[in-house]
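First the structure, in the form of structure tokens, and then the observations on it.
A short reminder: the numbers here are calculations on the coordinates, not readings from a lab. All figures in this text were calculated on a predicted structure; none of them were measured in a lab. As a convention, Cβ positions derive from the backbone with ideal geometry for all residues, glycine included, and neighbour counts pool all protein chains shown.
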Amino acid sequence: MTTKKKNVSEKIAELKAGTDWFYSDDFVLDEASQKYRDLMNLAKEIERDLVEMKNEIKIIDEDFSK
Amino acid sequence: MEPTQVYSVSDFQAVLNQIMETAFSGVVVEGEVSSFKINQGKFVFFDLKDDQASVGCFMMKFALRFPLEDGMKVRVRAIPKLTNWGKFSLTVQAVVPVGEGSLKKSFELLKKKLTAEGLFAPEKKRPLPENIVKIGVISSTQAAGYADFCKILNERWGGLELQVAHCQVQGMVAADQIMKALSYFNERSEVQAIAILRGGGSADDLAVFNDEALVRAVAASKIPVITGIGHEIDESLCDLAADVVASTPSNAAQMLSRDRKEIVVAIRSDINRINNLLNAKIDELIVDTRDVLRVGRDIVVKITTIESEIAAQKHVLAQLNPDNVLERGYALIRGEAKVGNVVEITTYKQDIKAKVTEAKERK
């Protein structure tokens, strides 16, 4: 099985799902502490990704004047 | 004088046309339109004139990309030609209105026509896809508007792939180049949105974005198109045909990207809210636990009270127990106390039968 590296949008979606759990009926206090720590780590990872990510600009070779 | 070369009339006309085509290939002439007419629905004729001269023009209707009327000031790109009948004319390749009045008139005529066709209908508009990763950009890479777009985009978000089609964004050749770029992106279907960008300029500079063929190409694009053309106050027919309109190239960058700073703030806010929620839940639990303890204490008090009451009741009952009375020396007599009768006498320690020898009323 291969594990695909998540992009920042997928991580943000994961963070949102994790956040929603705390407001859902599935919330269990016993699990909350670990989940909170996981979300904290994910949030730090996202912030790091947001700082590091750059756009790629490709100028197309085609000559549109012809 | 001996002539160096003798031409037939048709040869002379052909040579003359060749010379003119070489010398004035794509010459641009500006003047006022008069005697405008379309023959057989496909041949366009008009005169181009100024105060002192006039020249006949001919073009095919499909090449006419702006509505024309007599009195409009236009610029034509044309090849000069001497016809078989010796008449000089311009074979027009492209024509654009110039000057504020003509541009406005042309804009209104074309807007009315295309609106009637439903080209600008709101129900045709598509939203930009969410989480865009690949964007096709049509602009001049030397234009300030393009630089603004890239700057804002880079500040706001990363991880995007921009495929940039470098085109002229003003002048008579610009519309064709932009249309080719639109076709390029639509044929490949690699990008999720196409941004057509051009910074501010005069009405003449921006006239290309009212070119009928280009407006139709924008409306027909399979990929959603966002325009960021000119300044806030400028409106082009390409804007009306596009799916999404940004007021400027910078605004287009904002609409195509999320703001990483806002996301960081939102993430921190979410984490804080969860933290507060957890604290609240724990406080709630503490309150619940205290309530349980208080209820427990109340129950203990109630049990103690009941036990005391039972003890008191037991004491009263004990007082009423006949054995206790007998123990104090009293006796219980059963039977009729009549002389000669046998009665049963119960004391604390004994059951006795005794014969009554005397019975009299107490005084």
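Any idea what diffusion coefficient the stretch B:170-313 gets from Stokes-Einstein, in µm²/s, Kirkwood Rh on alpha carbon pairs, 25 °C, 0.890 mPa s?
Reported coefficient: 119 µm²/s.
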message: Quick check on packing: order B:217-226, B:81-90, A:13-22 by the mean number of other C-beta atoms within 10 Å, highest mean leading.
response: B:217-226, A:13-22, B:81-90
statement: Per GNM of chain B with C-alpha springs under 10 angstrom, the most fluctuating residue out of B:Ile345, B:Ile132, B:Ile303 is B:Ile345
message: Mean-square fluctuation check for chain B, GNM, Cα pairs under 10 Å: which of B:Glu187, B:Glu344, B:Glu117 is largest?
response: B:Glu344
field: Antiparallel content of DSSP bridges confined to chain B, in %, to 5
entry: 65 percent
- prompt: Kirkwood hydrodynamic radius for the protein assembly as shown: how many Å is it when counted over pairs of different Cα atoms?
  reply: 30.5 Å
statement: Across A:10-21, the residue-averaged tally of Cβ atoms belonging to other chains within 10 Å stands at 2
message: With unit charges on the beta carbons (Lys and Arg positive, Asp and Glu negative) and the dipole taken about the Cα centre of the stretch B:316-363, which residue among B:Leu326, B:Val342, B:Ala359 sits farthest to the positive side?
response: B:Ala359
field: Cα centroid separation, the stretch B:273-299 to the stretch B:310-337 (Å)
entry: 55 Å
statement: Which of B:His231, B:His166, B:His315 fluctuates most in a GNM of chain B (C-alpha springs under 10 Å)? That residue is B:His315
- prompt: Size of the dipole of chain B about the Cα centre, Lys and Arg at +1 and Asp and Glu at -1 on the beta carbon, nothing else charged, in debye to 20?
  reply: 1960 debye
message: Charges at C-beta only: +1 for Lys and Arg, -1 for Asp and Glu. How large is the resulting dipole of the stretch B:9-98 about its Cα centre, in Debye rounded to 20?
response: 340 debye
- prompt: When you look at the Cβ of every residue in B:157-165, what mean number of other chain Cβ atoms sits within 10 Å?
  reply: 6
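Quote the charge dipole size of chain A about the Cα centre in Debye, to the nearest 20; the model charges only the Cβ of Lys and Arg (+1) and of Asp and Glu (-1). Let's see the in-between values first.
Details: 12 positive and 16 negative charges, 47 e Å.
Around 220 debye, computed over chain A.
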- line: Dimensionless Rg/Rh of the stretch B:9-98, both radii on Cα and Rh by Kirkwood, sits at 0.97
query: What average number of partner chain Cβ atoms lie no more than 10 Å from the Cβ of the residues making up B:281-290?
result: 1
query: What nm value, rounded to one decimal, do you get for the distance between B:Ser8 and A:Asp20 when each label is placed 7 Å out toward the C-beta?
result: 8.3 nm
